[in-house]
C-alpha cells in the first residue's frame with residue numbers, strides 16, 4: 001500500500017515538471033511540420049512537389065535531434081531550405097530546453113527521495129521470511145548488521161544520515177539489507193520498513209539520540225503491538241518510560257551489561273573468555289582464563305555512567321573502590337574508600353592509592369585520556385589489572401596495542417547483547433545456571449571443554465532452533481504419535497555411531513520448563529526451543545535430519561526405512577521393521 | 001550397506017549399459033541393432049521405474065522423473081518399430097532405423113543422468 005502511494009507521488013512530480021517541455025516540443029514540431037508541408041518544393045516533370053506529412057515528420061525528426069540525413073525525397077527548393085533553417089534553430093533549442101528539464105528533474109532532491117523510498121519499500125516487500133528493523137546505522141548498528149548477516153538474518157536499516165546509508169549500500173552482506181535515509185521516528189517510514197508485517201520480528205533502535213530511540217520504540221509499539229522492541233538507553237528516566245510502553249521491550253544499557261560481565265568474570269574465571277568466544281570474538285583463547293582480582297582496591301577514573309555501574313558491581317562483589325573525577329560526587333555515595341577531585345593524572349592516581357590498588361577502570365568518554373591513564377597507571381604499578389573504555393571504533397588499533405586486560409567498547413557491547421537477544425535468548429538462563437552457584441565452576445569447565453572439543457578451531461555457531469511445523473516438518477509429524485530422543489537427533493545421519501558437532505546447551509519447553517544441558521534421553525516436544533552451539537556443518541546436518549523422514553528413521557532406529565512400494569511390501573512380507 | 005540402494009543401483013546401471021549396447025553401431029543399419037536387446041532395455045527400465053515409486057525424498061522424485069523420461073522415449077521407439085515392421089510393412093528402412101536409434105539415444109541420456117544423480121547422492125551422504 002505504501003509503495004503505491006509513493007509511486008503515484010513520483011509520477012505526479014515527473015508529469016508536473018515535464019508539462020512545459022512536452023508542450024513546447026509539440027507546438028514547435030507541429031508548426032515546423034505544417035511549414036514544411038506548405039513550402040513549395042522543386043518542380044519535377046512540370047509539377048511543383050510538396051512534402052507529405054510523413055516526409056515532413058521524418059525530416060523534423062532528424063533535424064530537431066541534429067542528425068541531418070539530407071534532403072528527401074527530392075533536393076529541396078530554396079523556399080523549403082529557408083523554412084528548414086527556421087525549423088532547425090527553433091527545434092534544436094526546444095530539445096535542449098526539454099533535456100535540461102529532464103536533468104533538472106533527475107537532480108531534484110524531492111524526486112530522488114521519493115524514488116529512494118519507492119525503491120526501498122519495493123525491496124522490503126521482496127523480503128521473504130523473518131526480518132528485523134534497525135534504526136540507526138552507527139557503530140552499534142553496523143556491528144549488529146554484520147552479525148545478522150553472518151547469521152543469515154535479514155534486516156532493514158533506517159538512518160537519518162545519508163552518508164551512513166551510502167556506507168551500508170557498499171557493504172557486502174550475505175543477505176539483502178535494504179537501507180533508507182529518513183527519520184525513523186516518523187511512522188510513515190516505519191511502515192515503509194515493514195513494521196506492520198507479521199514476519200517483522202523485532203525493531204532495534206540504536207540511534208545516537210536517546211529521545212529519538214524512545215520515540216521510535218513508542219511508535220513501533222503502536223504500529224505493531226506484538227513486535228519485540230529493543231533499544232539502547234543510557235539515561236535512567238527514559239528507561240522508566242520505555243518499560244511502560246508494554247509488550248516485549250528490552251532496554252540495553254551497555255555499561256550495566258559490561259559491569260555485570262565484569263562481576264561475573266570475578267566470580268568465575270572462565271566466564272569472560274567463554275562469553276567472548278561464543279559471541280565470535282576472533283582473538284579469544286578459550287582455555288585462557290581471565291581473572292580480575294577479587295580482593296583489594298579498585299580505582300575508577302571517571303565517575304560517569306560507566307564508573308557508577310562498575311562501582312556498584314564491584315561493591316556487590318565486596319571490593320573496595322577509589323574514585324577520581326573532576327566533578328564532586330554526591331555525599332550519599334556509599335562504599336567509597338577514597339575520592340579524589342580532579343582530572344586523572346599521576347598525582348591524583350597516587351592520591352587514590354595506585355601503589356596498593358589491584359585494578360583500575362578508565363571510564364571517561366575521551367579515548368585519548370583513557371589510553372594515557374592506562375599508561376600512567378602501568379608505569380606506577382605494572383601488575384595492575386586494567387579495564388579500559390574505548391568510545392570510538394576508529395581507535396581500535398591504539399587500544400589493541402595498549403594491551404589492556406579488558407577493553408570495553410560500548411557500541412560493541414550493545415551490539416553483541418542485541419545479537420544474543422535476537423539469536424540466542426536462551427543463553428541468559430544458561431549462564432545464570434552456572435553463576436548462581438559458585439560450586440558449578442567445575443561443571444562449567446566441563447561444558448567449555450566439551451564445546452571446544454566439538455567446535456575445534458572453527459568459528460562457533462550459536463543458534464536457536466524452535467521445533468515447529470515450519471522448521472521441522474517431518475519431526476513434528478512424528479512427534480504427534482511417537483517420542484523422539486534429543487540424543488538421536490544429534491547423531492550424524494551419515495554414520496549414526498558418531499554424533500554431530502553440535503551441543504544442545506538449553507531446552508525451553510513451554511513457558512516455564514528450562515533444562516540446562518539436556519541429556520541425550522531428553523524427549524523433545526513440539527514447540528520446544530533449543531539453543532545449540534557447534535559448527536555450521538553440524539547444524540546443517542541436524543536441519544537435514546529433522547526434515548527428512550528417511551534420515552530421521554535411520555538415526556532413531558539404526559535401520560533404513562524402505563522407500564519404494566516394492567521394498568515396503570518386501571519388508572512387510574519378511575515381517576521386519578526396516579532394512 | 002543399504003539393500004534398497006543396491007537393488008535400485010543394479011537396475012539403473014543395467015538399464016544404462018543395455019541401452020548403450022543397443023545404441024552402439026551404425027545408426028541406420030538394422031543389422032547393428034538387435035530387437036531383443038531393445039526388449040531387454042525396456043523391461044529393465046520399467047523395473048527401475050517401479051523400484052522408485054513411493055520414495056518421498058527429493059532425490060527419489062528426480063530419479064523417478066528421469067526414469068519416466070527414459071520409459072517414454074523407449075516406448076515411442078518400440079511403437080515405431082512395431083508399426084514399421086508389422087502394421088505399415090514399410091520394413092526397417094535406414095530412416096526408420098535412424099529414428100528408433102535416435103529415440104533410444106535420448107533414453108540413454110536420461111539413464112546417464114539417473115546414474116550421475118545416484119552416484120552424486122551416494123557420495124554426498126557417504127554411506
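The values are calculated or read from the model by the stated rules, or taken from the named source; none is laboratory data. Keep in mind that what you see is a predicted model, and the values were worked out from it rather than measured. Neighbour counts run over all protein chains shown; Cβ positions are idealised from the backbone, glycine included.
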Problem - Residue count, region A:124-139 (criterion: more than 9 Å from the chain's Cα centre (by Cα) and either assigned to a helix (DSSP H, G or I) or more than 13 Å from residue A:207 (Cα to Cα) (or both)) - result: 9
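Looking for whichever is more than 28 Å from residue A:504 (Cβ to Cβ), in contact (Cβ under 8 Å) with a residue 12 or more places away in the chain, assigned by TED's automatic domain parsing to the domain that holds residue A:358 and outside any strand (DSSP E or B) here; the options are A:376, A:383. Which one fits?
After ruling out the rest, the residue left standing is A:376.
Matching residues to (1) more than 27 Å from residue A:536 (Cβ to Cβ); (2) in a helix (DSSP H, G or I):
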residue: A:204; (1), (2): no, no
residue: A:238; (1), (2): yes, yes
residue: A:247; (1), (2): yes, no
residue: A:260; (1), (2): yes, yes
residue: A:263; (1), (2): yes, yes
residue: A:266; (1), (2): yes, yes
residue: A:280; (1), (2): no, no
residue: A:285; (1), (2): no, no
Exercise for the section: Determine whether region A:493-514 contains at least one residue that is over 23 Å from residue A:529 (Cβ atoms), outside the structural domain of residue A:419 (by TED's automatic domain parsing) and touching a helix residue (DSSP H, G or I) at 6+ places or on another chain (Cβ under 8 Å). Expected result: yes
Fill in the blank from the handout: Wholly inside region A:473-558, strands (runs of 3 or more DSSP E) that include 2 or more residues that are surrounded by fewer than 19 Cβ atoms within 10 Å (Cβ to Cβ) and touching a strand residue (DSSP E or B) at 6+ places or on another chain (Cβ under 9 Å) are A:495-499, A:513-516
Problem - Residue tally, condition within 14 Å of another protein chain (Cβ to nearest Cβ) and either within 9 Å of the chain's Cα centre (by Cα) or in contact (Cβ under 8 Å) with a residue 12 or more places away in the chain (or both), over region B:5-54 - result: 12
Fill in the blank from the handout: Screening B:90, B:69 for residues that are more than 14 Å from chain A (Cβ to nearest Cβ) and either surrounded by 14 or more Cβ atoms within 10 Å (Cβ to Cβ) or closer than 13 Å to residue B:107 by Cα (or both) leaves only B:69
Exercise for the section: Answer yes or no: is there a residue in region A:329-350 that is touching a strand residue (DSSP E or B) at 6+ places or on another chain (Cβ under 7 Å), modelled with pLDDT of 85 or more, part of a loop (DSSP other than H, G, I, E, B) and not assigned by TED's automatic domain parsing to the domain that holds residue A:206. Expected result: no
Practice task
Could you check, for region A:287-298, whether at least one of its residues is without any contact (Cβ under 8 Å) to a residue 24 or more places away in the chain and either within 30 Å of residue A:536 (Cα to Cα) or in a strand (DSSP E or B) (or both)?
Solution key: yes
